[in-house]
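Quick note: the coordinates plus some simple rules give every number you see, no bench work behind them. Small disclaimer: the values here were computed from a predicted structure and weren't measured. Here the Cβ positions follow ideal geometry from the backbone for every residue, glycine too, while neighbour counts run over all protein chains shown.
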Amino acid sequence: MAEQVPLRAPSQAPPQAPPQAPPQAPLVERRVAEVLATSTGGVGTHLRSVLPALAGAGAAVTVCGPAATDALFGFSAAAAFTPVEISAGLDPLADVRAGIALRRALAGADLVHAHGLRAGLVAAAAVRAAGRRAPRRPLVVTLHNALPERSGPLRRVLAQAERSTVRAADVVLAASGDLAANARRLGARDVRVAPVAAPALPPARRGRDDVRAELGLADGRPLVLAVGRLHPQKGYDVLLDAAATWATAPRPPLVAIAGDGPLAAGLSARVAAERLPVALLGRRGDVAELLAAADLVVLPSRWEARSLTAQEALRAGTPLVASRAGGLPELLGDAAELVPPGDATALAAAVTALLADPSRAAALATAGRQRAAGWPDEAATARQLVAVYRELLGPPGSGRR
């Protein structure tokens, strides 16, 4: 169950003390444990973005997750951090060790919130074990991703793990409507759609021409941008198939892919072997600048919930071509060109048509900004979490657990 989310280099803000909560804060004197598995993208980005608001609501927050996540996202600058090595892949022995470590880390916590199915599986076991000796604490699980496409015994094991996790949760928060519907089918007792807002990107420090010159596009060639982890779920094989259809054109668009991941070597080898007009940029911290320089963004994923890349593209006013998959139609409406997932021909045709039609591209840019203006921001996302925690814990001083 590898995390399948967009990947960008997180901005490294200087450490800051958590805000002090006023006496009437809704979570004052409440101890909350936030749990995540290995993350290099959206799950860690989301959790880091809500920590200041939770502290501002009075909660004493501890983040439990792999040490590498703290190094990447800087959780300990906004909360206490306890290393618990929950891996991205299903590993029964590692899960037992992580469960034991997490059970110790949860001592004294009033509420546990697991982010992602892997973290939820381990957290549910730890809460269940701790509940044999003390009153059971509420468990919230946020679903960010669907199960990867698998078949055979592994698929059955993953499906059973998913079912047991959502049934163990007091509240399941789902990043998209399809995830919420699936959790209900599996028997979750309380399911709510909880949109995950993309944090605001750092402001661009370079102009469009400078970025395009860096990429060798001073001649005015079109720039097609993709941002995301180099993982099979992201559909980059389909994107390369599409790029191959225009590789022999006199001035083919350059496809720039920002991100890293397990497919990096294989994609690089294919680009070189087929001489594709594709540049693999690796992990980048200048996504805002890349968006401003691009003629359009592509999101060829086989599945997405509430893609950070899609949100960033529409906010920036960069036209988007995306897969009609998962939560993307719900998120994007008619503010993007949607194509069937896995269809390289349709993807190539949509990109070519949009590059050739400036008026359509401008209309999508305008529609994208309007659509994005109606999305909840980070503050609204955090307020929803505070409300859920307050509901489960009761008001300050109530003694409810």
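Annotations
- Shape category assigned to the stretch 208-373 from the gyration tensor of Cα positions, a/c cut at 1.5: rounded
- Going from the fewest other Cβ atoms within 10 Å to the most, the residues 191, 63, 157 appear in the order 157, 191, 63.
- The base-10 log of I(q)/I(0) for the stretch 67-116, evaluated at q = 0.14, 0.22 Å⁻¹, reads -0.40, -0.97 [Debye formula, identical scatterers on Cα atoms, solvent excluded].
- Cα→Cβ-extended label distance, 7 Å offset, between residue 279 and residue 352, nm: 2.4 nm
- For the chain, the alpha carbon convex hull comes to 135 Å³ per residue, rounded to a whole number.
- Stretching residue 370 away from residue 247 to a fully extended chain increases their span by 40.9 nm, per 0.36 nm per residue minus the current alpha-carbon distance.
- Paramagnetic label reach from residue 210 (point 7 Å along Cα→Cβ; backbone nitrogen cut-off under 18 Å): within the stretch 277-296, residues 284-294.
- Under Karplus coefficients 6.51, -1.76 and 1.60, residue-wise ³J(HN,Hα) of the stretch 363-371 in Hz, glycine/proline x: 5, 5, 4, 5, 4, x, 4, 5, 4
- Between the stretch 307-327 and the stretch 182-197, the Cα center-to-center distance that results, in Å: 23 Å
- Among 81, 75, sorting on how many other beta-carbon atoms sit within 10 Å of each Cβ, with the fewest leading, yields 81, 75.
- Relative contact order, whole percent, for the stretch 233-283 stands at 47, derived from Cα pairs under 8 Å and 6 or more residues apart.
- Result for the chain in a Gaussian network model with C-alpha springs under 10 Å: among 99, 220, 282, the largest mean-square fluctuation is at 220.
- Helix-only CD estimate at 222 nm, as mean residue ellipticity for the chain, using -39500 (n - 2.57) per DSSP H run (n ≥ 4): -13000 deg cm²/dmol
- Coupling constants for the stretch 306-314 follow from the phi torsions by the Karplus curve (6.51 cos²θ - 1.76 cosθ + 1.60, θ = phi - 60°), and in residue order they are 10, 3, 5, 4, 4, 4, 5, 5, 5 Hz; glycine and proline get x.
- Among 192, 31, the ranking by other beta carbons within 10 Å of each residue's beta carbon, starting with the fewest, stands as 192, 31.
- Pairwise label distance in nanometres, residue 192 with residue 334, each label 7 Å out on the Cα-Cβ vector: 3.2 nm
- On the beta carbon distance between residue 219 and residue 93, with R0 = 35 Å, the FRET formula returns roughly 0.05.
- Most fluctuating residue given options 203, 232, 250, as computed from a GNM of the chain linking Cα atoms under 10 Å: 250
- Annotation: amide H-H contacts under 5 Å for residue 285 (H modelled 1.01 Å from N, sequence separation of 5 or more, or interchain): 9.
- In plain terms, the C-alpha convex hull of the stretch 209-257 casts an average shadow of 3.7 nm² when viewed from every direction.
- The length gained by stretching the chain between residue 80 and residue 67 to full extension, at 0.36 nm per residue less their Cα-Cα distance, is 3.4 nm.
- Structure remark: mean-square fluctuation, Gaussian network model of the chain, C-alpha springs under 10 Å; the largest value among 218, 33, 243 belongs to 218.
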